[in-house]
1. Residue by residue through region B:89-115, note down the ones that are within 10 Å of the ligand (Cβ to nearest atom) and open to solvent by 40 Å² or more (accessible area, probe 1.4 Å).
2. Enumerate the pairs (first residue in region B:76-93 and within 14 Å of another protein chain (Cβ to nearest Cβ); second residue anywhere and more than 9 Å from the ligand (Cβ to nearest atom) and open to solvent by 10 Å² or more (accessible area, probe 1.4 Å)) with beta-carbon separation below 6 Å, excluding pairs fewer than 6 apart on the same chain, so at least 6 apart or on different chains.
3. So the check is Cβ under 9 Å with 6+ separation or different chains; which pairs have a first residue in region A:261-290 that's assigned to a helix (DSSP H, G or I) and a second one that's acidic (Asp, Glu)?
4. Looking at (1) within 14 Å of another protein chain (Cβ to nearest Cβ); (2) under 13 Å from the mean Cα position of the chain (by Cα); (3) open to solvent by less than 10 Å² (accessible area, probe 1.4 Å), find the lone condition where B:His12 falls short.
5. Could you check A:Gly70 against (1) part of a helix (DSSP H, G or I); (2) open to solvent by 70 Å² or more (accessible area, probe 1.4 Å) and say which number it fails?
6. Output the qualifying pairs, or none if there are none: Cβ atoms under 6 angstrom, residues six or more apart or on different chains, first residue in region B:21-47 and outside any loop (DSSP other than H, G, I, E, B), second residue open to solvent by 10 Å² or more (accessible area, probe 1.4 Å) and within 16 Å of the ligand (Cβ to nearest atom).
7. Taking the conditions exactly as written (touching a helix residue (DSSP H, G or I) at 6+ places or on another chain (Cβ under 7 Å) and crowded, with 20+ Cβ neighbours inside 10 Å), does A:Asn257 satisfy them or not?
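The values are calculated or read from the model by the stated rules, or taken from the named source; none is laboratory data. Not measured: the values here are computed from a predicted model. Here Cβ is always computed from backbone atoms with ideal geometry, including for glycine, and neighbour counts include all displayed protein chains. For the accessible areas, the whole protein counts, side chains as well, though only heavy atoms, and no ligand, DNA or RNA atoms are used. Shrake-Rupley method; radii C 1.70, N 1.55, O 1.52, S 1.80 Å.
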Amino acid sequence: MTLLSFALSLVGFGILAPVLGCLLAGIDRKVTARMQGRVGPPLLQPYYDVRKLLAKEDVSVNSYQGFYVGISLVLAILSGVFFFAGGNFLLVIFVLTLSSLFFIIAAFSTRSPYAEIGAEREIMQVMSYEPMVILITVTFYLVLGSFDTFAVLEQSEPLLLSLPLVFFGLLFILTIKLRKSPFDLSYSHHAHQELVKGISTEMSGRTLAKVEIMHWYENILFLGWVALFLVWGSWWAIPAVIGGVILVYFLEILIDNNFARVKWQAMLASSWAVALVCTVLNIALLVWIP
Amino acid sequence: MSSTIKSPWLIHYDASSCNGCDIEVLACLTPMYDVERFGIINTGNPKHADVLLVTGSVNERNINVVQQIYGQMLEPKVVIACGICACTGGIFKECYNTLGGIDKAIPVDVYAPGCAVRPEAIIDAVVTGLGVLEQKRAALAAGSLVEQTLPDCVTAADKFVDGQTIRDEALAKTQAQA
Ligand code: SF4
């Protein structure tokens, strides 16, 4: 990662990601509504929501919750900037984990029982997806011999061909990361119900707007992770990545609409099992079938 | 048109309704009426909500809850009384244990009558409420929003002021005769 690529990524990701993320959220709600036989909200609904939240009265349970969420947002953006600047994938993951930790701390800081339950569940979610995320970086290094995300661009074939099972593992935890059913234990979008409103129970007005914007950034970053598996050093990679990413997101919406929420035990057990089995098998494949 | 009225999030509270109106409120969210077309989302959280839908005629038990929910909502906010019970007390008006109408507990902006209130009436009321919401948002932005105070009626006994007067009159009469 050079200073130039960092600067380009900072501007590009910083400006484009919320726009794309907002549109993505709007399309998500529209497609979901269609799947449920409804018309659905306007495409720009997520934007209206955030504008409204910014116009609300500025009241908060305590003075530091908004600050923690702000830090969380900044770290999420930074993580994406590192990723799209071709930075170290490990760094991307650590910064993003730090971001989720600050989000959890923000919920805990309110001492509200509902927010605390949401925060506990968020911790369970972090515990569920983190092993797989680490194993992705391990296998990534095994194949490419580098942690730099731009290393995939020097490949002659997409990572998907050498790491198909790991890609499946990524899709599995992506459902947790994108906060989709059946793994939307701590916080969910649309009008899904949970214990009050999970981790965001005590967040209102501007703080909630920050949370929404953070999700826009994060969703684009996660689709970037998907793209990492689909891209290779050719111009043909561009349509392949766009098509693949759209397909993956559509699949997530489909899963979201067809599954009921599971208990945290099931989430933890299944995601750990998938992480372990997929990576071990895939490493075995790499070793024995060169 | 500001974003405030394009994304009114609802919270729904049942203040001792017979559940008839609650079912109608939820019917609004079904594919048949699909209020998400207007950006309306049913949240379970007063801190996220802009519009409070209350059904039922409030009693001693839940007046505190209604006031609590109202208090936790952030300005700009709008209250809609759904169903004739919530508007005036309806068929429970004369009951000894109800307060008779949501406006006895919190300030109400829009009344949606009906027993049970029809989903069309609820949607109409919410759309009317959006006008109020927009006014409040403008007032908040201008710094001139006055917080509405809770009504004075705090006990069901207040409702019996009439009954009380009648009894007092009767008492006075008998005393005068004696
Ligand atoms: S208005 Fe009618 S349907 Fe609604 S709560 Fe009262 S009695 Fe029930």
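1. Of everything in region B:89-115, those that are within 10 Å of the ligand (Cβ to nearest atom) and open to solvent by 40 Å² or more (accessible area, probe 1.4 Å) turn out to be B:Ile91, B:Phe92, B:Pro113, B:Cys115.
2. Going by the 6 Å Cβ cut-off, the qualifying pairs are B:Pro76/B:Lys136; B:Pro76/B:Arg137; B:Pro76/B:Leu140; B:Val78/B:Asp109; B:Val78/B:Val132.
3. Every condition considered, the pairs that remain are A:Trp264/A:Glu120.
4. (3)
5. All conditions pass for A:Gly70, except number (2).
6. What qualifies is B:Cys21/B:Ala116; B:Asp22/B:Asp14; B:Glu24/B:Ala116; B:Val25/B:His12.
7. So A:Asn257 fails the test.
This table checks each residue for (1) under 19 Å from the mean Cα position of the chain (by Cα); (2) of a type in the set (Lys, Arg).
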position: A:Arg111; (1), (2): no, yes
position: A:Tyr114; (1), (2): no, no
position: A:Arg121; (1), (2): yes, yes
position: A:Leu135; (1), (2): yes, no
position: A:Phe147; (1), (2): no, no
position: A:Glu154; (1), (2): no, no
